[in-house]
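The values are calculated or read from the model by the stated rules, or taken from the named source; none is laboratory data. Bear in mind that the values here come from a model prediction, so they are computed numbers and not experimental data. Backbone-built Cβ (ideal geometry, glycine too); neighbour counts: all protein chains shown. Keep in mind that these areas ignore ligands, DNA and RNA; they rest on the heavy atoms of the full protein, side chains included. Shrake-Rupley method; radii C 1.70, N 1.55, O 1.52, S 1.80 Å.
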Amino acid sequence: MPSTQKPMRYGHTEGHTDVCFDDIGSCIVTCGSDGDVRIWENLDDDDPKSINVGEKAYSFALKNGRLVTAVSNNTVQIHTFPEGAPDGILTRFTTNANHVVFNRDGTKIAAGSSDFMVKVVEVTDSSQQKTFRGHDAPVLSLSFDPQDAFLTSASCDGSVRVWKISDQTCVTSWPLLQKCNDVINAKSICRLAWQPKSGKLLAVPAEKVVKLYRRETWDNQFDLSDNFITQTLSIVTWSPCGQYVAAGSVDGCIAVWNVDTQECVERMKHEKGYTICGLAWHPKGGQIAYTDTEGNLGLLENVCNRDGKKSSGKVSSAVTKDYNDLFDEDDDFLNTDLIEPRSSPRVVSNEEDDDDDDLMLASGHPRHRGAIIEDDENSLDTALMKVNSNLEKDDDNDQDGSIPVLPVSTTQRPFYDGPMPTPQQKPFQSGSTPSHLTHRFMVWNSIGIIRCYNDEQDNAIDVEFHDTSIHHATHLPNSLNHTMADLSSEAILLACESTEELASKLHCVHFSSWDSNKEWTVDMPKDEDIEAICLGQGWAACATSAMLTRVFTIGGVQKEIFSLPGPVVSMAGHGEQLVVIYHRGTGFDGDQCLGVQLIELGKKKRQVLHGNPLPLTRKSYLMWVGFSAEGTPCYVDSEGIVKMLNRGLGNTWIPVCDTREYCKGKSDHYWVIGIHENPQQLRCIPCKGARFPPTLPRPAVAILSFKLPYCQITTEKGQMEEQFWRSVVFHNHLDYLSKNGYEYDENAKNEAAKEQQELLMKLFALSCKLEREFRCVELADLMTQNAVNLAIKYASRSRKLILAQRLSEMAVEKATEMAAPEEDEEEEEEDDFRNHLNAGYSNSTTEWSQPRVRNLLHEQDMEDSKEADAVEEVEEMQKLRQNPFCKTVGLPEMSTPKSAVITSSSQGRVNPFKVSANQKDPTAHSANILDNMSKFSKNTPTPNSRAVNKQKSPVIKPLIPKPKSKQALAATFFQPRPPRAGDKAVEEKAENILPEIQAAPTENTENKRPKTGFQMWLEENRESILADNPDLEEADIIKEGMSRFRVLSSDERMVWTEKAKGGAAGNSAEAKKRKRPADAKNEGKEKLEEKSKEDSSLPKKRKPLDPSTNVRLSAFAFKQS
C-alpha cells in the first residue's frame, strides 16, 4: 500500500527547524529558530508542551531522557526530558554550533560549530572532551558510527571527513560539496548518516544522489538516485531496520530507497515546495516526520508498508505493548557488530507494523508466534531446532535488518554481567578550566590568576596577582603552547606536552630571585610527558607519564625523584608539603579508585600519607585538590563535597562542606579556588548551569561557610556539637605549625580553646537540664581541668551531688595527669585517646590551659565587703534553677572559678551559694565564663604564683571520701580524706616533679576563704533551728537561717560582720608571714613543716572552733614521709 501524506501544520517561526521521535516513538519533538523545543503527542496535537532553551535553537538531539540543544549563545546545553529542567552546559564554542548528535548509547555527544571545530563530549562528565581540527570552514553536520569508532563531518569547505575518535585523526576525506563561506550560503546542510546497528555503510547526500561508502575500505559502493529528484539533496536518514534510506531535497521532495535492490520505493512532494531540513523515522518504522525551513511539521504514514495494513494515525503509544515489543527491545543487544555463526536463527522483521502477529522465518515459511509462547520454557529450544533446520542462506545474502530470535549461546559470545569498570579520570591542574577552551584559566588560587588566550590573534598567557606588592601583572608569550600552570609568591611554573619535534618542557619564571636570570627550562626525557605540576616554598615538582615525580629547587637544581604507584591525577604544594593524587587501580560502577601521598620536603623528609585510598563520594571524581591557606590538605569531588585532613584523628579525611546545599539549580555548581581555616572561609565561584566559569566577564568570588555533616543539626545539642568539633578540626593546624617550628598566632590558639570550652560548658548545662548525668561526665572528659572545675560547681548548685563527686574524681585524675613527667607524656602522645578527644591539643601544662593566677589577699578583701551577698546568692540561685542558660548573669558560679575546687569547702560546712565578692563588680556580669584563662609561664614561678600553687596542691592528690548519706554528702563531698598508704607515693611524685606546687599541711585551713557574718551567725544558731525543725536537710537549714538572719536589726547584723572581719584580719596577717622568697623554697622544707605546726596553734578566729569543725578541718592534714 502506498504511503499517505498528512497535511502539514505550523510548528515554529520561520527558519531552520529540526525534528525527531523520542526513544519509544510516543511523541514527536521539534525545535526551531524561536528558541523553543516542542513535544507533540501527534500531528493533531493543538497544545504541545514547550521548553524554551534559548533565543534561537540551531539543532537538538534526544536520547535516554536527555535533551541536548545547540543554542545562540555559542553553547551546547542539556535539559532533562520531558520535564525540560536545565542540567548544565556541556561545551562552549566561540561561535554558534550548527549540529549536535548523540552516539548510539547516549553517553557522548558530538557538536560542530561555525568556528571550524568539532567536539566530542562525555555527557556525564563534560570535562572529558575531544576536539577535532582540520576543517577550513564552518561545520555543517555530523554523524556517529554505531560502534563509536568513527565520526563523520561535513563542512562548508566542500569536504566530508571521517575521523577516528580514539586518536582524533582524519581517516579519509571526500570533496563532495560546493564550497561556501557560511552555513547561510550553503546549498545543502548535508545531513549524513551511518547504517544503524552494523555501521557497514555511510550515506552522504551529494548533489542529486545519495552516495554510499563502505566501512573500513571507504570505497563508494553505489549511488541511489531517481528521476523524481531534480534539485540538490540536503538530508538523509536510515530506517531503524537499516534496509531503507530516505532523503529530502531543497525543493521539498522526499524519496525512499530499498538499499538491497537500490530501487526507489516511495516518492512524496512537499505541498508548497519548501526546503526539507528535518527528517526522522519512527523507532519502529512505518512513519517519517519531516520539517521545512518555514517551521512547518509534516508526517508520512505507512512508509514501505508491504502488508497493506494501516498504521494508526497517532504516534504509536508506549502504553500498549504486544509480543513484538518483547523481541524489539532486545534488538540493540542482539545486533551489535558480531560475526554470527551460519546456524544463527534469523527472521525478517516487519518493524513498521505493530499489529503483525506472524514471524517470517528467513526461509519464508510463516510460523505463528503462539507456537513459541503456548508451551513451557522448553518450547523455545524446540523452536530453535526447527528454525535451525530451515536455515540455508548464505551470509552475503543476509539482510542487515534481520533479527535473531534468541541470543547467541555463551560458547559463541561470553557475556559478562558484573560491575563495569570506570574509565580513569584524566590528569588535571586544580583551579584550571578545560584545556580545549580558547580562553581559559590555567590556574586561579590564593596568590593570583593565570589566563591563557589561544585564538587567531594571539597565543599568550596573562598573570595577575591579587596582591600587587608580591609582583606586578605579567604578559608572557605562549609559543610553546603551555597547557599547565601554577603560581606561588615566588615563581610562575609552566609546562607543555611533547610534540613530534619537541620534548615536554618545564618552564619556571622565578620572579622573586635576586639575580638577573629569572627563568629556567628543563626538557623531559624522550617519551615522557609532564601531566601535573605544582609549586611549594623553595621547590617545584612535576609528575610525568612515566609515573615519576620530579622535584626541583626554585632555582632549577634537580632534587629527588620518586616513582608513583599509578598514573597521576593531580598534585599540589604548600610550604614544605607535597600532595600527589594518583590512580591506585580501576574503579567500578562509576567510582574512581584514587590514592594519596603526602610528603614533607623540609629538613626532616618524611611521608605522612603512604598511598592511602582517597575517599570520594559514590560515582564522583576529583575536581580540586590543594591546601588551605594554613597548610591543611583538602580536596573537592564532583558532587561538591569538600573534605579536609583531620590531623587530630590519625590523618583521616572529614567532610567540612557540601557546596550543593548552596546551589539553587540542579545544574549549578561552585568552582573552588581557595580554603581558609582562620577565618573559616570557602572561596569559590558560582557557575550557573556549568561546572567552570568563563574568563569573561570576570567571575565574582563567593564565600561559603563550613558545616560538618553532624546529625540533628537543627537541635540545640546538634548545633553545639557541630560547632565544637568544627572548631577542633579547624584549629588542628595550630598544633601542626607549633610542632614543626612555624610561627603561629598564640592568641588564635587561646581563643579556639576558650571557644571550645565554652561550647562544652553549654552542652554540659544542657545535659544537666535534661537529667543526662552520664552524658555530663562524657562531656567533662573533653574539658580542660579548669572547665571541669566550673562543671563541678554547676553540678553542685544544680543539686546533682553524685555527678559532682564523679566530676571531682575526674578533676583529680586530670590534675595527676598534668603532674606526670613530660617525657612520659611525649611517649604516650601517639596512643593516648585523650589526644583524639581533644583533637590534638596537648594535655601537658601549656600556657593557655593554666588557670588564672589569683591574688589571695585581694580575694580576701573582696570577700569581706558585705554580708548582704548571701541574700543575692539565693535569688541568683533560684534564677539559675529556672533557667540554667541565663546569659545575663553568665552562670555566676562560673564567672570566677576556683583554681582548686577541693579547698573551697574546707570550712565546717559547705555553702553551695557562696559566690566570690568580685562578682558584684559590674564587669563581672558581662565577662565571659572563660575569661579567666590567662597564660603564665610554668618554668618561671613568681612568689604570687607560688602562693596560688600552694592553694592548688590538694587538687593533685586523689583524696575524696565516699559519702555515707545524703546529708553527709551535702556537707563533705568536696572534703579531702586522710591519705592511704598508696596515696603517699602519688604525693611524693607530685612534689618531686612540681616543687613549686608544695603545700604545708595546715596552710589549707588557714588560707581558706574567710567566713561571712551570716555564716558565723548560722553556726551559733544552727541548734535552735534544728530544734524547731528537726527534719530539715542542710539546704533547708540554710534557707531557714537566711530568713531569720534577715529579721535581725541592722545593728545586730553589723556586729556579726565585724566578728567576721576580725577573723579575716588575723588570717591575712598570718598569710603574709608565711610568704617565702623563691630561692629559699627547697632549702627550707623541714623548717617550713615546723613553722606550719607553730602557725596552726596560733589563734585564727575570735571565736573558738567547735569540735565538729576541728574534726573536719583535720581531714586536710596529711603526713609526709
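Results, tabulated for the structure shown:
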quantity	calculated
Residue in the range 151-161 that is under 14 Å from Lys108 (Cβ atoms), open to solvent by 20 Å² or more (accessible area, probe 1.4 Å) and not hydroxyl-bearing (Ser, Thr, Tyr) present	no
Test: residue in the range 704-715 that is over 27 Å from Arg451 (Cα atoms) and in contact with a Ser or Thr (Cβ under 9 Å, 6 or more places away or on another chain)	no
Exclusive hit being without any contact (Cβ under 8 Å) to a residue 24 or more places away in the chain and open to solvent by 30 Å² or more (accessible area, probe 1.4 Å), set Ser72, Ser50	Ser50
Verdict on Glu755 being more than 21 Å from Val812 (Cβ to Cβ), at pLDDT 90 or above, outside any helix (DSSP H, G or I) and not small (Gly, Ala, Ser)	no
Filter result (out of contact with any His (no Cβ under 7 Å at 6 or more places or on another chain) and either more than 13 Å from Cys634 (Cα to Cα) or of a type in the set (Phe, Trp, Tyr) (or both)) within the range 659-673	Thr659, Arg660, Glu661, Tyr662, Lys664, Gly665, Lys666, Ser667, Asp668, His669, Tyr670, Trp671
Filter result (surrounded by 17 or more Cβ atoms within 10 Å (Cβ to Cβ) and assigned to a loop (DSSP other than H, G, I, E, B)) within the range 1-23	Ser3, Gly11, His12, His16, Thr17, Asp22
Meets criteria (surrounded by fewer than 17 Cβ atoms within 10 Å (Cβ to Cβ) and either on the phi < 0 side of the Ramachandran plot or basic (Lys, Arg) (or both)) for Lys643	no
Set Asn732, Asn750: member being more than 22 Å from Pro655 (Cα to Cα) and open to solvent by less than 50 Å² (accessible area, probe 1.4 Å)	Asn750
Test: residue in the range 814-821 that is modelled with pLDDT of 90 or more and open to solvent by 10 Å² or more (accessible area, probe 1.4 Å)	no
Close pairs (9 angstrom Cβ cut-off, 6 or more residues apart or separate chains): in a loop (DSSP other than H, G, I, E, B) in the range 1018-1046, open to solvent by less than 50 Å² (accessible area, probe 1.4 Å) and at pLDDT 85 or above anywhere	Asn1029/Ile1037; Leu1032/Ile1025
Residue under evaluation Glu501, criteria (1) under 21 Å from Val569 (Cα atoms); (2) more than 30 Å from the chain's Cα centre (by Cα); (3) free of Cβ contacts under 8 Å to residues at least 40 places away in the same chain, criterion not met	(1)
Pair list, Cβ < 6 Å and 6+ apart or interchain, from the range 754-777 residues that are among the aromatic types (Phe, Trp, Tyr) to residues that are open to solvent by 10 Å² or more (accessible area, probe 1.4 Å)	Phe764/Leu779
Strands (runs of 3 or more DSSP E) completely within the range 167-240 that count 2 or more residues being open to solvent by 10 Å² or more (accessible area, probe 1.4 Å)	169-175, 209-214, 220-224, 233-238
Single residue of Glu743, Glu722 found to be within 28 Å of Ile447 (Cβ to Cβ) and of a type in the set (Asp, Glu)	Glu743
